[in-house]
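Trainee: Below you'll find the structure I mean.
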Amino acid sequence: MPNTAIDLHQLEAEGLSIKPKSFGRQTWERFRRHRLAMIAFVILVLLISSFWIVPILSPYGVREINIQDAAQGVSWKHPFGTDPLGRDLMTRTMEGAQVSIYIAAVVALISTAIGTFLGALAGYFGKWVDALVNQMINLILVVPALVVLLVVGIKFGGSVNQVAFLVALISWITIARIVRGLFFQLKEADFVQAARAAGAGPGRIIFRHILPNAMGPVLVQITLVSGAAIILESTLSFLGLGVTPPDTSLGTLIAESKGFIDVTPSRVLIPGSILTLLVLCLNFLGDGLRDALDPATRKTRQ
Amino acid sequence: MFAYAARRILATIPLLIVATLGLFALESSVRDPVAELRVSCPRCDQVAFDRLIDLYDLDKPVLDLSNPAESRYVAWLGNVITGDFGSSTSQGENPVSDTVFTRAKNTMILAIPAFFVIASLATFLGVFSAVRQYSKTDYAITGLSFLGIAMPTFFFGLFLQVFWGIWFHDWFGMRPFFTSQMHDDSFVDLLKSITLPIVTLTLVVVATESRFIRASMLEVVHSDYIRTARAKGLSERKVIFKHALRNAMIPVVTIWALDFSALLGGSVVTESIFSWPGLGPLLLTAIFAADVNMVMAIILLISVLAIGFNLIADLLYGVLDPRIRIS
């Protein structure tokens with residue numbers, strides 16, 4: 001092949017010989033430059049892994065009762081103090097945090113599945129499908145979300161999985177709306193028209209052509225929905241309508257300790273701060289992802 | 001505009017009926033008073049059971065489509081339309097509307113001042129950080145609002161209690177744990193009781209609103225007519241407050257209406273933490289006591305407030321921005 005050398009030379013000059021970076025790699029590189037989001041990401045990983053590592057290293061069991069050490073404040077022996085039964089609160093807080101993370105993950109999973117599915121159908125097919133999905137959303141939104149959860153929570157709340165499911169029933173709405181909007185835009189795009197002209201059916205167009213292009217904003221929403229789910233779950237549990245003993249979440253721990261707030265405020269402040277830090281990191285992560293996935297719409301910082 | 005409003009209201013009514021039916025059925029099935037009485041009072045005679053069945057209408061199903069007139073939900077709905085919300089089963093068989101009315105007044109004592117604090121503070125912070133975009137103050141305000149959004153309301157309330165009730169309790173002499181017990185004495189006492197609940201209500205809403213106002217303001221500040229205003233030599237104060245702010249506030253009106261309706265509906269979390277006798281704690285105790293009439297009355301009030309203010313916001317949007325055609 002006599003022309004290869006020349007071609008390569010020419011390509012080099014046009015900057016075409018550089019292997020193009022994949023979308024994922026470009027996003028990761030932009031995300032890495034977003035300092036705040038990167039810090040949030042690192043803290044989040046450290047926090048979540050500590051929730052699982054600390055109980056293993058801890059000398060105390062989660063349900064281990066030590067009456068002689070009951071209701072203590074912060075000390076070297078018990079860094080987060082103890083509850084009125086003498087259970088070590090560091091171990092219990094970590095267990096509660098595991099539950100909060102688990103619920104956030106389940107909510108993210110279910111609400112992404114439902115939200116993407118219904119949003120895609122509504123956005124792609126429009127007409128009565130869209131009207132139906134819209135009415136479902138309006139039906140849930142006609143009564144404020146927390147009030148709905150309170151009423152439903154007393155009937156179906158209690159265990160961890162039940163609470164996760166209840167919160168997911170409200171949370172899919174935001175994702176469905178985002179996906180619906182994206183599908184409305186993208187279904188008129190040239191590449192979709194081309195696919196349609198080439199004979200692709202609705203299933204192929206939705207899953208192979210539109211959905212991959214909609215995943216960026218959905219990913220951002222997932223981080224935000226998980227943060228909101230953590231807040232909703234802890235609020236429900238705090239009010240006694242979410243996770244209830246013997247199961248523990250961070251909200252349940254705070255609900256148990258609020259009666260002792262004047263004696264051992266640390267029992268409220270520590271789980272509350274962990275809760276805030278978790279949600280804060282998730283929100284910063286979402287912010288960073290938004291900037292990284294779609295450089296055109298970023299507004300917050302350069 | 002009137003036709004639009006009427007159409008919107010008509011479209012919401014079926015949704016409201018379906019939603020209240022679902023919540024009514026759920027709330028009715030939480031407790032079985034007859035079974036409870038049988039356990040707690042095994043020697044009670046049939047008269048007591050009959051009275052209970054009569055009180056809760058237990059002889060009728062929640063909704064019987066073949067015979068709707070004999071259903072509890074339809075009976076409740078019919079009474080509500082005539083303005084009768086029934087009597088409470090947890091608050092001493094008083095009419096629900098009386099209790100809700102007193103509690104709603106208490107909620108308004110918090111909600112109205114809170115709204116003015118929120119609106120002015122959020123506007124100030126949002127405009128300030130938009131005008132000084134990328135300055136240190138902007139970053140500080142942005143960081144604080146991220147913190148405010150991330151902090152669950154109940155934790156912020158408890159944090160304030162620890163801060164002012166324990167660490168610095170002798171500064172203002174506030175006893176922030178039972179605010180309800182002191183608010184009849186004098187205006188200063190009332191002010192002391194409502195300060196911390198209002199601050200708690202304010203935080204999350206100010207955080208989200210100031211972000212929204214900042215974004216709206218930034219969009220306006222970079223538009224052509226602002227450049228024109230600057231080019232013709234107007235002072236910066238006039239450019240910002242007369243030309244930019246007025247336009248930037250148009251979308252904010254919607255947010256204000258929604259937030260105000262949410263405040264008027266009572267905050268379950270904040271009012272419970274500070275033991276404020278508003279609608280929130282009433283709803284919570286009614287839910288736990290399975291007091292169906294009370295729960296439904298509060299839910300209806302909250303929903304109607306939200307729907308009404310949402311509609312008002314949309315109508316106002318059309319008035320403030322003539323480019324938007326309401327149809």
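The values are calculated or read from the model by the stated rules, or taken from the named source; none is laboratory data. What you see is a predicted model; the values in this text were computed from it and never measured. Note: ideal-geometry Cβ built from the backbone for every residue, glycine included; neighbour counts use all protein chains shown. What goes into the accessible areas is simple: the full protein's heavy atoms, side chains included, and nothing from ligands, DNA or RNA. Shrake-Rupley method; radii C 1.70, N 1.55, O 1.52, S 1.80 Å.
Trainee: Scan region A:190-201 residue by residue and report those that are over 29 Å from A:R290 (Cβ atoms) and assigned to a helix (DSSP H, G or I).
Mentor: A:R196, A:A197
Trainee: Would you mind telling me which numbered condition in (1) away from every other protein chain (no Cβ under 14 Å); (2) free of Cβ contacts under 8 Å to residues at least 12 places away in the same chain B:P277 fails?
Mentor: (2)
Trainee: Which of the following residues is of a type in the set (S, T, N, Q), in the same structural domain as B:M249 (by TED's automatic domain parsing) and farther than 30 Å from B:P197 by Cβ: B:S129, B:S135?
Mentor: Details: B:S129 fails: farther than 30 Å from B:P197 by Cβ.
Being of a type in the set (S, T, N, Q), in the same structural domain as B:M249 (by TED's automatic domain parsing) and farther than 30 Å from B:P197 by Cβ holds for just one of B:S129, B:S135, which is B:S135.
Trainee: Run down B:S272, B:S303 and say which single residue is in contact with a Pro (Cβ under 9 Å, 6 or more places away or on another chain), hydroxyl-bearing (S, T, Y), within 30 Å of A:G259 (Cα to Cα) and within 14 Å of chain A (Cβ to nearest Cβ).
Mentor: B:S272
Trainee: Can you pull out every residue in region B:63-92 that is in the same structural domain as B:R51 (by TED's automatic domain parsing) and farther than 16 Å from B:L300 by Cβ?
Mentor: B:L63, B:D64, B:L65, B:S66, B:N67, B:P68, B:A69, B:E70, B:S71
Trainee: Residue under question is A:R267, and the condition is that it be crowded, with 22+ Cβ neighbours inside 10 Å, among the charged types (D, E, K, R), assigned to a helix (DSSP H, G or I) and within 11 Å of chain B (Cβ to nearest Cβ); does it hold?
Mentor: yes
A quick yes/no check of all residues on (1) closer than 26 Å to A:V167 by Cβ; (2) at pLDDT 85 or above:
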position	(1), (2)
A:S58	no, no
A:A70	no, no
A:L121	yes, yes
A:A131	no, yes
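Trainee: Quick check, is B:R246 open to solvent by 40 Å² or more (accessible area, probe 1.4 Å), assigned to a helix (DSSP H, G or I) and touching a residue at least 24 places away in the same chain (Cβ under 8 Å)?
Mentor: Numbers: open to solvent by 40 Å² or more (accessible area, probe 1.4 Å): yes; assigned to a helix (DSSP H, G or I): yes; touching a residue at least 24 places away in the same chain (Cβ under 8 Å): no.
Spelling it out, it is not the case that B:R246 is open to solvent by 40 Å² or more (accessible area, probe 1.4 Å), assigned to a helix (DSSP H, G or I) and touching a residue at least 24 places away in the same chain (Cβ under 8 Å).
Trainee: Out of the residues in region B:1-34 meeting the condition of being in a helix (DSSP H, G or I) and small (G, A, S), tell me which one is nearest to the chain's Cα centre (by Cα).
Mentor: B:A19
Trainee: Run down A:S273, A:S257 and say which single residue is among the hydroxyl-bearing types (S, T, Y), open to solvent by 10 Å² or more (accessible area, probe 1.4 Å) and part of a helix (DSSP H, G or I).
Mentor: A:S273
Trainee: Have a look at A:L241, A:L278 and point out the one that is assigned to a helix (DSSP H, G or I), within 11 Å of chain B (Cβ to nearest Cβ), crowded, with 24+ Cβ neighbours inside 10 Å and not hydroxyl-bearing (S, T, Y).
Mentor: A:L278 is the lone residue from the list that is assigned to a helix (DSSP H, G or I), within 11 Å of chain B (Cβ to nearest Cβ), crowded, with 24+ Cβ neighbours inside 10 Å and not hydroxyl-bearing (S, T, Y).
Trainee: May I pose another question? Which count do you get for residues in region A:34-75 that are within 22 Å of the chain's Cα centre (by Cα) and touching a residue at least 12 places away in the same chain (Cβ under 8 Å)?
Mentor: So the first thing to find is which residues in region A:34-75 are within 22 Å of the chain's Cα centre (by Cα), and the list is A:34-53.
From the residues that got through so far, the ones that are touching a residue at least 12 places away in the same chain (Cβ under 8 Å) too are A:34, A:36-41, A:43-44, A:47-48, A:50-52.
The number of residues fulfilling the criteria is 14.
Trainee: Same structure again: Go through region B:136-146 and count every residue that is within 12 Å of chain A (Cβ to nearest Cβ) and either closer than 14 Å to B:A215 by Cβ or open to solvent by less than 70 Å² (accessible area, probe 1.4 Å) (or both).
Mentor: From region B:136-146, those within 12 Å of chain A (Cβ to nearest Cβ) are B:138-139, B:142-146; that's our starting set.
After this cut, where a residue has to be either closer than 14 Å to B:A215 by Cβ or open to solvent by less than 70 Å² (accessible area, probe 1.4 Å) (or both) as well, the list is B:138, B:142-143, B:145-146.
Number satisfying all stated conditions: 5.
The rows are residues; the columns are (1) within 12 Å of chain A (Cβ to nearest Cβ); (2) surrounded by fewer than 16 Cβ atoms within 10 Å (Cβ to Cβ); (3) part of a helix (DSSP H, G or I).
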| position | (1), (2), (3) |
| --- | --- |
| B:Y225 | no, yes, yes |
| B:G233 | no, yes, no |
| B:V239 | no, no, yes |
| B:K242 | no, yes, yes |
| B:I255 | no, no, yes |
| B:P281 | yes, no, yes |
| B:A297 | no, no, yes |
| B:D314 | no, no, yes |
| B:Y317 | no, no, yes |
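Trainee: Restricting to region A:245-264, name every residue that is away from every other protein chain (no Cβ under 12 Å) and at pLDDT below 85.
Mentor: A:P245, A:P246, A:D247
Residues checked against (1) out of contact with any helix residue (DSSP H, G or I) (no Cβ under 7 Å at 6 or more places or on another chain); (2) of a type outside the set (F, W, Y); (3) outside any strand (DSSP E or B); (4) modelled with pLDDT of 75 or more:
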{"site": "A:L16", "(1), (2), (3), (4)": "yes, yes, yes, no"}
{"site": "A:P20", "(1), (2), (3), (4)": "yes, yes, yes, no"}
{"site": "A:W76", "(1), (2), (3), (4)": "yes, no, yes, no"}
{"site": "A:G86", "(1), (2), (3), (4)": "no, yes, yes, no"}
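Trainee: Sticking with this one: So, A:I206, is that one open to solvent by less than 40 Å² (accessible area, probe 1.4 Å), part of a helix (DSSP H, G or I) and out of contact with any strand residue (DSSP E or B) (no Cβ under 7 Å at 6 or more places or on another chain) or not?
Mentor: The answer is yes for A:I206.
Trainee: What are the residue pairs meeting all of these: first residue in region A:92-119, first residue touching a residue at least 24 places away in the same chain (Cβ under 8 Å), second residue outside any helix (DSSP H, G or I) and open to solvent by 30 Å² or more (accessible area, probe 1.4 Å), Cβ atoms under 7 Å, and 6 or more apart or on different chains?
Mentor: Once the first residue is touching a residue at least 24 places away in the same chain (Cβ under 8 Å) and sits in region A:92-119, its partners that are outside any helix (DSSP H, G or I) and open to solvent by 30 Å² or more (accessible area, probe 1.4 Å) give A:R92/A:V62; A:T93/A:F80; A:E95/A:V62; A:V99/A:D247.
Trainee: Turning to a different aspect of this structure: Could you tell me which residue of region A:218-238 is most open to solvent (accessible area, probe 1.4 Å), considering only residues that are within 25 Å of B:S275 (Cα to Cα) and touching a residue at least 60 places away in the same chain (Cβ under 8 Å)? Break it down stepwise before answering.
Mentor: Of region A:218-238, the ones within 25 Å of B:S275 (Cα to Cα) are A:230-238.
Filter once more, so that each one left must be touching a residue at least 60 places away in the same chain (Cβ under 8 Å): A:230, A:232-237.
On the way: A:I230: 3, A:L232: 37, A:E233: 1, A:S234: 0, A:T235: 15, A:L236: 1, A:S237: 3 Å².
Only one residue fits best here, namely A:L232.
Trainee: Quick check on my filter: what residues within region B:1-25 are without any contact (Cβ under 8 Å) to a residue 60 or more places away in the chain and open to solvent by less than 30 Å² (accessible area, probe 1.4 Å)?
Mentor: Matches in region B:1-25: B:L15 only.
Trainee: In addition: Take B:T285 and tell me if it is surrounded by fewer than 21 Cβ atoms within 10 Å (Cβ to Cβ), within 20 Å of the chain's Cα centre (by Cα), assigned by TED's automatic domain parsing to the domain that holds B:D138 and touching a residue at least 24 places away in the same chain (Cβ under 8 Å).
Mentor: yes
Trainee: May I ask you to say which residue of A:R301, A:R290 is modelled with pLDDT under 85, under 20 Å from B:A150 (Cβ atoms) and away from chain B (no Cβ under 12 Å)?
Mentor: Values: A:R301 fails: away from chain B (no Cβ under 12 Å).
It is A:R290.
Trainee: So B:G266 ticks every box in (1) of a type outside the set (A, V, I, L, M, F, W, C); (2) at pLDDT 85 or above; (3) closer than 26 Å to B:G83 by Cβ; (4) surrounded by 18 or more Cβ atoms within 10 Å (Cβ to Cβ) but one. Which box is left unticked?
Mentor: Condition not satisfied by B:G266: (2).
Trainee: Taking into account only those residues within region A:38-69 that are among the hydroxyl-bearing types (S, T, Y) and buried (at least 16 other Cβ atoms within 10 Å of the Cβ), which is farthest from A:D247 (Cα to Cα)?
Mentor: Once the filter is applied, the top-ranked residue is A:S58.
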